[in-house]
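Each value in this text was obtained by applying a stated rule to the coordinates, not by laboratory testing. This structure is a prediction, so every number in the text was calculated from the model and none was measured. Neighbour counts run over all protein chains shown; Cβ positions are idealised from the backbone, glycine included.
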Amino acid sequence: MTRPSERLPPCPAPAPDDTRLRALGHLLHAFGVDQASVQTLDRPPQDGPPPRPVLHGKVLLLPDTLTTHPDPDLALAASAHTLGHLLHSPRHQTTGRLKPIGLAIAAAVEDCRCDRLLMRSHPGLERLFRTLLARHPAADGVGFEHLVERLQRALIDPGLADDHPWVTKARGLFEAALDELEQPAVFRRIAAVLANDLGQLRVRMNLQAYAPPLPWHDDNSHLWQHPEDAHQAETHVRQEGGPAGTAAHRPAGEGEAAAATPAHSLQAHAEWHYRLGRYRSDWCTVAEIVPAPAGTTSADADDNSRRDAPLRIHTAPHLRPALRQRRQWDGEELDLDAATAAALDLRLGRAPDPRLFRRNRPGDPALDLLILLDLSASTADRLDDGRSILDVECEAARALVAALHRQRGRIAVAGFDSDGRHAVRYHRLVDFDTAHAHNPPSLLQGLRPGQSTRLGAAIRHATSILRSRPMPALIVVSDGSPADIDVFDPQHLVEDARVAVSEARRSGVRCAGLMLGEDGREAARRIFGINGHRILTRTAMLGRALRACHRDLSIN
């Protein structure tokens, strides 16, 4: 439950012909919320949690499941519920040590507090909420999602009967505190008691499938301020001048953190669930980041020049893979296939083809190579010579970039790390055909290790970039198996990365993996195949391995 950035560009009103959204926006204005607007949220239903409205500043983003629903009261109730948050809810509260269950229960109780305040002051909204509860009945169950829905129905409409002990206790605590309904801290304490009771009952919450149970309730992302919010933003609204009343666009975030590493775009990617045997559509959010170039001192430049020197002396010729020309009139070698065909023709009494030789000539470095570097926390580990794994990755990539550009090669370098499925960061370090690529040291210096390794999402994003290139190739450099904070099955991300590599290869992208150390041997074999990966027991040899891998991909 991450909150979007606080400082937003002003949002225009919906298009004049979109009378439904305009009417909902007028509702917010009528209740005294200035500069409010209602837009549609461009986020199709996922295989996991169903989409919910999002409150972004004073902009309400409604998913298609509400704007196109045959029951117009759902969108109306979503706007009214948002009004309750805008008028009564504290924003961006610190989560402290609250666990996901605690956050979900606190948000659910806050939803009911806001609805009851609206119902108390506006009886028409009371009729609306109660009508929807009756029109959309709850499903029976005692799982976490079912209990939260039963809780909210009991708190919004005290006349509804529910004999579950936990729901009964919640209703008693809530009704006893009605005199303090305008004090959110009182109900935060009630939520803490209820969450603790669920923990005692061993009720489990499925983080990947949970959404607020009532479809007109928003996702409550505006209620919380998480420690990682400086590094990620999930939902964006359109800029001034965009098409009004349509899907929300995603501009770069603002603020100090965004200025340091601005996210140019966010893109959703599917993820493969190997146990279910299907994709979860739009499961991961990848933030594409272009870091600001770091200053390079003369000492740094001299050091970079010394590091590149061995590559210039010893390995530059190998970066031009040999092209084998078969069936030539003359050449250095006999073309065995042509000679065999000629012998067969002679035995059959036919005139043989006299072109029996093969020539090798230097080829052009035609690959569009993208090097994808693992920037996870483990790359901070130090080697015997004092360098970190990340230092070695950057030095090897910098040397190959310099060598290929001297020979007019096409290369890009990117890095990735993650902090959950909604915070996969893709760092564009060196781009194809840009001025940045001609000064790689400035962009490969100053990198810092990130957090986790959601490899499949990074590979899919890299593949989406490579598809437009004439000869795409991808080399992944990592130091261990894929992992992330919200995944507890060690095989899940390995299988997802394997499927991502298969997708890339089917689309014409040549893929290879370089694994630093023995820890990721089995994962690399599973992801890239027996012949598609190399294991480096000596991390310092990464530069040589990168060049060899490039040569192999060029020839294959």
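Take the Cα of D34, step 7 Å toward its Cβ, do the same at H146, and the gap between the two points is 4.9 nm. You can think of it this way: the chain between D73 and I530 has 158.8 nm of extra reach, that is 0.36 nm per residue less the Cα-Cα gap.
Sort 68-75, 348-355, 103-110 by the packing proxy (mean of other Cβ within 10 Å over each peptide's residues), most packed first. Spell out each step's value before the answer.
On the way: 68-75: 14.8, 348-355: 10.6, 103-110: 24.0.
Peptide ranking by packing, descending: 103-110, 68-75, 348-355.
Taking label points 7 Å from Cα along the Cα-to-Cβ direction, E332 and N196 give a separation of 8.0 nm.
Among F488, F416, F357, what is the fewest-to-most ranking by other Cβ atoms within 10 Å? Walk me through the numbers before you get to the answer.
Values: F488 9, F416 27, F357 18.
Exposure proxy ranking, most exposed first: F488, F357, F416.
Computed from backbone phi, the HN-Hα couplings of the range 20-25 come to 5, 5, 4, 5, 5, x Hz, rounded to whole numbers (Karplus: 6.51 cos²θ - 1.76 cosθ + 1.60, θ = phi - 60°; Gly and Pro given as x). Modelled spin-label separation between E182 and R408, with each label point placed 7 Å from Cα along the Cα-to-Cβ direction: 7.6 nm.
What length, rounded to one decimal in nm, is gained on full extension from S281 through to H92, with 0.36 nm per residue of separation minus their alpha-carbon distance?
On the way: separation 189, 0.36 × 189 = 68.04 nm, distance 2.88 nm.
In short, 65.2 nm is gained.
Figure legend: label point modelled 7 angstrom from the Cα of H136 along Cα→Cβ; residues of the range 55-74 with amide N under 18 Å from it are 55, 60-74.
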